[in-house]
Amino acid sequence: MLAAEVPGLLNRIANQVRPLLSQGRLPKYIPQLGRVNKLQFGMAFVTLDGQEVLAGDAETPFSIQSISKLFALMLALERVGDDLWSRVGKEPSGMPFNELVQVDQEAGAARNPFINAGALVITDVLCSTFAQPELALLQTLRQSAGDERVDIDQAVMWSERDTCHRNAAIAHLLKSYGRIKNSVHTVLDTYCRQCALTMSSLQIARSALPLATIEGLSPDGACAKLSAAQRHSVTALMLTCGTYNAAGDFAARIGLPMKSGVGGGIVAVIPGIGCVCAWSPGLDDTGNSLAAGRAIELFAEHTGLSVLGSSTKTYSAQ
């Protein structure tokens, strides 16, 4: 059974990070996100055996932004298989997530799926696979979250589409090197709709849960859609590339595969146990949520659920 102290732990964490909520900045380069109330915090812990613990605004939807890159990667791997890795790499870029120079210097090669160049290539794969790729991803997430309320925020989408000049430059550069097969317009439209997905911390944790599986079954008992090797590749990329240019710091401090987004969400996978997702809109200088990052750090410290240290406590039914 879920350890009795976990609900209390999440509430204590919520109280501990409260002073951070007013700090940080909003991503005003996406105008719609610059209007969000910073004084919000939610956290959800979901286990493979179906137990869920919530704190704060865990059921409040927000713009998931780059967390969508994780779910797009999972869907592309499911449909295309390991051939996907011939189009996108698995290496940290060592550069900002929206860097142009590296893409040009490396003839359009995309270092990994979590920088914008790699995410655009993944989006191009989905555009070649589905007639309406953003709807395919939306329906996949509604199913994995068990909630039809997962949606696309049209206001955020147009706010992003109208200001995505740098992503347009990256996409045109990729196209010039033959790395994108569909039209740049189609890829950008799809990418902006994908980033404008709205989900709650609970919905995100549920949707990432298959990555915590260490056997051949998904959390609902069906055959897992991704192989063990594919899940390993995805979680390894989360650990090394999932939190922008702070991935090394997060790996050293927390030791969990994580994916963040400038909407303020961060999801972490705990192999064999479950997933935890925290959200708060205020960002640090690397684009990661101040309060959400600290909350997951505190969660890992208090539970020992980290690759940096094992826990003797029981947090899921055995």
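For the modelled label position 7 Å from the Cα of S183 along Cα-to-Cβ, which residues of segment 102-145 have backbone nitrogen atoms closer than 17 Å?
Flagged as within label range: 124-125, 127-134.
So for the pair A131, T163, with labels modelled 7 Å out along Cα→Cβ, what separation do we get in nm?
So the label points at A131 and T163 sit 3.5 nm apart.
Where the centroid of each part is defined by its Cα atoms, how far is segment 63-115 from segment 221-297 in Å?
16 Å
If Lys and Arg each add +1 and Asp and Glu each add -1, what is the summed charge of the other residues whose beta carbon sits under 10 Å from the beta carbon of E134?
Here the count lands on 0.
Once you charge only the Cβ atoms, +1 for Lys and Arg and -1 for Asp and Glu, what is the size of the charge dipole of the chain about its Cα centre, to the nearest 20 debye?
The dipole of the chain has a size of about 360 debye.
Identify which of the listed values of semi-axes √(5λ) of the Cα gyration tensor in Å was calculated from the structure shown: (i) 26, 23, 22; (ii) 29, 22, 18; (iii) 34, 21, 18.
(ii)
Assuming R0 = 41 Å, can you tell me the calculated FRET efficiency for the pair Q139 and V307, based on Cβ-Cβ distance, to the nearest 0.05?
Plugging the Cβ-Cβ distance into 1/(1 + (r/R0)^6) gives 0.80.
Any chance you could count the Lys pairs in the chain whose alpha carbons are under 16 Å apart, treating pairs 8 or more apart or on different chains as valid? Present the calculation step by step, with values, prior to reporting the outcome.
Numbers: K28/K38; K69/K90; K69/K259; K90/K259.
The number of close lysine pairs in the chain is 4.
Can you tell me the FRET efficiency between A107 and W85 if r is taken as the Cβ-Cβ distance and R0 is 22 Å, rounded to the nearest 0.05? Before the final figure, lay out each step's value.
On the way: r = 17 Å, r/R0 = 0.79.
Efficiency computed from Cβ-Cβ geometry: 0.80.
In degrees, nearest 10, range 0 to 90: what is the angle between the Cα axis of helix 228-241 and the longest Cα principal axis of the chain?
For helix 228-241, the angle is close to 90 degrees.
Under a Cβ-Cβ cut-off of 10 Å, what is the net charge of the residues other than Q203 that fall near it, where Lys and Arg count +1 and Asp and Glu count -1?
Residues near Q203 contribute +1 overall.
With point charges of +1 on the Cβ of Lys and Arg and -1 on the Cβ of Asp and Glu, referenced to the Cα centre of segment 67-197, which listed residue (L70, I115, A145) lies farthest in the positive direction of the dipole?
The residue sitting most towards the positive pole is I115.
What ranking of R206, R149 emerges when the number of other C-beta atoms within 10 Å of each C-beta is taken as an exposure proxy, fewest first?
The order, fewest Cβ neighbours first, is R149, R206.
Specify the angular offset, from 0 to 90 degrees and rounded to the nearest 10, of the alpha carbon long axis of helix 184-195 from the longest principal axis of the alpha carbons in the chain.
Around 10 degrees separate the two axes.
Treating the angle as unsigned and between 0 and 90°, give the value, to the nearest 10°, between the Cα long axis of helix 290-303 and the longest Cα principal axis of the chain.
50 degrees
Could you work out how much longer the chain between S22 and R149 gets when fully extended? Use 0.36 nm per residue separation minus the Cα distance between them, nm to one decimal.
Residue separation times 0.36 nm, minus the Cα-Cα distance, leaves 42.9 nm.
What is the order of K38, K259, fewest Cβ neighbours within 10 Å to most? Display every interim value, and only then the final one.
On the way: K38 19, K259 30.
Least crowded to most crowded, the residues run K38, K259.
Values quoted throughout were computed directly from the atomic coordinates according to the rules given, and no laboratory measurement underlies them. In this text, all values refer to a predicted model and were calculated from it rather than measured experimentally. Because the Cβ atoms are built from the backbone with ideal geometry, glycine has one as well, and the counts that use them run over all protein chains shown.
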